[in-house]
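All remarks here apply to the structure that follows.
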Amino acid sequence: MKVLLIQPAPPFPSFGDALPFGLASIASFLRKERMDVALVDLGKESLPSDFVPNVVGIGASTPYSKNAVFCSKKVKKLFPHAKIVFGGPHFTAIPENAFPYADAVIRGDGELAMLDICYNGISERVVNGTPIENLDDIPLPDKDLLDCIYKGRKTRLHIVGARGCPFDCVFCAEHSKAVRYHSVDYFIENLRVLAQRYHNDIFISDDIFTLNKERAAEICGKIIRMQLGLRLRVFGHINCFDKDLLLLMKQAGVHTISYGIESGNNNILRLINKKFTVDETRRVVRETLETGINVDCLYMIGNVSETEETVADTVAFALQASKERWCSFAIPFPGTKFYEVAEQYGTILTKDWDKYTNQNIAYVPYGLTKRYMRRARDTIVGGADRSLLAKIRRRLRF
Ligand code: SF4
């Protein structure tokens, strides 16, 4: 059985690259079952001419979904006998977008469902993927898979050691509330291989590295004892702060922690279900900085019910909290609670999925304008808009 797994090209060249972890994981899992599997990233290379697959898997998030359809048409011409299976967050949320281009869609985790399709063929057009309980059942990726993900990447080799998040932010399409982890030994081996084969600048992309404090401490302890010499970034969460853990993380090479802060206004934080307040955020950012770890604050402009006043609170907070910061526009991605209510509270400007990137405005809540959203975003990320700043300063008297 030959299986070709395809990461579609990004919607436009400057989009950045989404690393095909999910597909690489499916590839490793199928290889364990002696399938002949190839992985190709169409952002970097072309479809192979010397590998004729029986099954083709194409994975896509929303901005990649149009290119997924585009490449499935090419695949159909090149390999008319191959079965085409779509997966990934976009088709999990809107499986009907996959047809008539796909023979089947897998929603959620793809490993076991792809294996079943390879062994038994397609029996249902929309398959709900069964999650793998023990993530270590997925072998570490072979060298060719690693190269497909990381080759040529000068900074930030992303790595994932967990799946799922217990929180429920309204703009997020993460639905797996039960968090599953790779074992510490598996994860450490993955880190060691990456550092040895490429370089030591690694971003641990687990949704919240500090969620399981004992596990995070064990990982850091091993990194220190093994003297891996890593430069690490992680995602934290305001509600999962522990100063002793952060001090240990610092020793293990963590130089920056990113917090999804989103807003400087308590009402918006409540509406988007962040489960923390502005005061709690302020304290956690300050105490994190005291450990010597940089804080990368992530903000979001344009959620449901935002007004110029709530956005001004966010800008004011952002300018005071930490120098390292990023700001995106709120996008009602399919599969989120935000997507379900967006039209009641604002204007969806487009359903062109190529434009669903968080640096593009696809949604404007009734209390805002596109112009104000841009000015606010630019002010947060550094291109300060003087008149907006003056207005905010007057309003907040700082
Ligand atoms: S945004 Fe982050 S914290 Fe919120 S649900 Fe998604 S992964 Fe969890």
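Things to note:
- Failed item, numbered, when A216 is tested on (1) more than 21 Å from V295 (Cα to Cα); (2) crowded, with 18+ Cβ neighbours inside 10 Å; (3) away from the ligand (no atom under 15 Å from the Cβ); (4) not polar (S, T, N, Q): (1)
- Some residue of the range 16-24 being at pLDDT below 95, more than 24 Å from D136 (Cα to Cα) and surrounded by fewer than 19 Cβ atoms within 10 Å (Cβ to Cβ): yes
- Screening the range 132-168 for residues that are within 14 Å of the ligand (Cβ to nearest atom) and crowded, with 20+ Cβ neighbours inside 10 Å and picking the one that is farthest from F203 (Cα to Cα) gives C165.
- When restricted to residues that are among the acidic types (D, E) and in contact (Cβ under 8 Å) with a residue 60 or more places away in the chain, the range 263-311 contains 4.
- Per the listing Y181, Y119, Y186, the residue uniquely in the same structural domain as L271 (by TED's automatic domain parsing) and more than 18 Å from the chain's Cα centre (by Cα) is Y186.
- Residue within the range 302-313 that is under 24 Å from F203 (Cβ atoms) and within 23 Å of the chain's Cα centre (by Cα) present: no
- Every residue from the range 225-249 that is away from the ligand (no atom under 16 Å from the Cβ) and closer than 26 Å to R163 by Cβ: M226, L228, L230, R231, L232, D242, L245, L246, L248, M249
- Residue, modelled with the lowest pLDDT, within the range 353-398, restricted to residues that are within 24 Å of A68 (Cβ to Cβ) and in contact with a Lys or Arg (Cβ under 8 Å, 6 or more places away or on another chain): D354
- Here G129 passes the criteria (1) over 18 Å from G88 (Cα atoms); (2) more than 16 Å from the ligand (Cβ to nearest atom) except the one numbered (1).
- Some residue of the range 253-264 being under 21 Å from A316 (Cα atoms) and away from the ligand (no atom under 16 Å from the Cβ): yes
- Of all the listed residues (A312, A316), the sole one being in contact with a helix residue (DSSP H, G or I) (Cβ under 7 Å, 6 or more places away or on another chain), closer than 23 Å to N239 by Cβ and at pLDDT below 95 is A316.
- Residue in the range 86-108 that is farther than 25 Å from P334 by Cβ and surrounded by fewer than 16 Cβ atoms within 10 Å (Cβ to Cβ) present: no
- For the range 169-195, filtered to residues that are of a type in the set (V, I, T) and away from the ligand (no atom under 14 Å from the Cβ), the residue that is surrounded by the fewest Cβ atoms within 10 Å (Cβ to Cβ) is V193.
- Among residues of the range 175-199, those that are part of a loop (DSSP other than H, G, I, E, B), farther than 17 Å from D144 by Cα and either of a type outside the set (G, A, S) or in contact (Cβ under 8 Å) with a residue 60 or more places away in the chain (or both), counted: 5
The values are calculated or read from the model by the stated rules, or taken from the named source; none is laboratory data. On a predicted model such as this, the values are computed, not experimentally measured, just so you know. Positions of Cβ are backbone-derived with ideal geometry, glycine not excepted, and every protein chain shown enters the neighbour counts.
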